[in-house]
Amino acid sequence: MQEIWDALAKRGHEEYGGELVTQLEHGVQAATLAEKEGAGDVLITAALLHDVGHMIDVPPGASIATIADKGIDAVHEDVGAAYLKRWFGEEVLWPIRHHVAAKRYLCLRKPGYMDELSPASVKSLALQGGPFTDEEADEWLKQPFAHEGVRLRIWDDLAKDPEMETPPLEHFIEIAERVRKN
Ligand SMILES: [Fe+2]
């Protein structure tokens with residue numbers, strides 16, 4: 001699993017898609033919010049790593065973090081979940097794979113949610129398919145980790161605060177090590 005931490009060390013300083021925090025700060029902030037809310041190790045780990053798909057090179061040498069700017073949806077949520085499969089079970093992977101779907105869900109079902117999205121997030125929403133329809137939202141919500149997916153998404157949206165105090169990455173690495181399966 002060291003290679004995950006190496007990827008964060010190598011790419012974590014990159015800006016988080018037009019926001020005021022870096023990729024690494026964003027993940028650590030999301031994990032901090034999860035821990036503050038009393039989430040278990042599984043969801044804290046998912047929060048920490050939900051955007052790892054932005055930090056691994058796909059295709060080799062290309063940063064997918066910037067692909068959205070070119071009008072392509074890089075499906076970083078699928079890339080990240082597939083990458084993490086070696087170490088984690090579905091309870092970690094599902095909320096990561098669905099953190100974009102959760103945004104589409106919240107746009108439809110949480111009043112005022114869309115108005116609070118950052119400009120970068122509004123921009124990517126269009127590429128991601130826009131808000132769910134009623135039918136899509138109902139179907140999505142039936143899935144086993146949907147509730148966790150919504151929680152993760154809310155931390156994700158708040159983890160863009162350049163002033164937030166957080167524990168160091170090492171604190172969350174210890175948590176992720178407890179959760180790993182392989
Ligand atoms: Fe994120």
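The values are calculated or read from the model by the stated rules, or taken from the named source; none is laboratory data. Here the structure is a predicted model, which means the values were calculated and not measured. Please note: Cβ atoms are built from the backbone with ideal geometry, for glycine as well, and neighbour counts cover all protein chains shown. Note: areas computed on protein heavy atoms with side chains; ligands, DNA, RNA excluded. Shrake-Rupley method; radii C 1.70, N 1.55, O 1.52, S 1.80 Å.
Here the stretch 117-134 is the region considered, the condition is being away from the ligand (no atom under 16 Å from the Cβ) and not hydrophobic (A, V, I, L, M, F, W, C), and the residue that is surrounded by the fewest Cβ atoms within 10 Å (Cβ to Cβ) is Asp134. Please determine whether any residue of the stretch 105-116 is at negative phi, touching a residue at least 40 places away in the same chain (Cβ under 8 Å), within 13 Å of the ligand (Cβ to nearest atom) and out of contact with any His (no Cβ under 9 Å at 6 or more places or on another chain). So far as the stretch 105-116 goes, no, none of its residues is at negative phi, touching a residue at least 40 places away in the same chain (Cβ under 8 Å), within 13 Å of the ligand (Cβ to nearest atom) and out of contact with any His (no Cβ under 9 Å at 6 or more places or on another chain). Selection over the stretch 25-49 of residues that are farther than 23 Å from Lys181 by Cα and in contact (Cβ under 8 Å) with a residue 60 or more places away in the chain gives a count of 5. Among the conditions (1) modelled with pLDDT of 90 or more; (2) buried (at least 21 other Cβ atoms within 10 Å of the Cβ), the only one that Glu77 does not satisfy is (1).
Being surrounded by fewer than 17 Cβ atoms within 10 Å (Cβ to Cβ) and of a type in the set (Asp, Glu) is the filter here; which residues of the stretch 135-156 pass it?
Glu135, Glu136, Asp138, Glu139
A search for C-beta distances below 7 Å between a residue of the stretch 91-103 that is under 12 Å from Thr45 (Cβ atoms) and any residue that is away from the ligand (no atom under 12 Å from the Cβ) and not in a helix (DSSP H, G or I), counting only pairs 6+ apart in sequence or on different chains, returns Glu91/Phe145; Leu93/Lys85; Pro95/Phe145.
Screening the stretch 1-69 for helices (runs of 4 or more DSSP H) wholly inside it with 2 or more residues that are within 16 Å of the ligand (Cβ to nearest atom) and either open to solvent by 30 Å² or more (accessible area, probe 1.4 Å) or at pLDDT 95 or above (or both) returns the ranges 23-36, 41-49.
Working only within the stretch 157-168, note down all residues that are within 16 Å of the ligand (Cβ to nearest atom) and either touching a Lys or Arg at 6+ places or on another chain (Cβ under 7 Å) or open to solvent by less than 80 Å² (accessible area, probe 1.4 Å) (or both).
Filtering the stretch 157-168 down to residues within 16 Å of the ligand (Cβ to nearest atom) leaves 157-162, 164, 166.
The answer is Asp157, Ala159, Lys160, Asp161, Pro162, Met164, Thr166.
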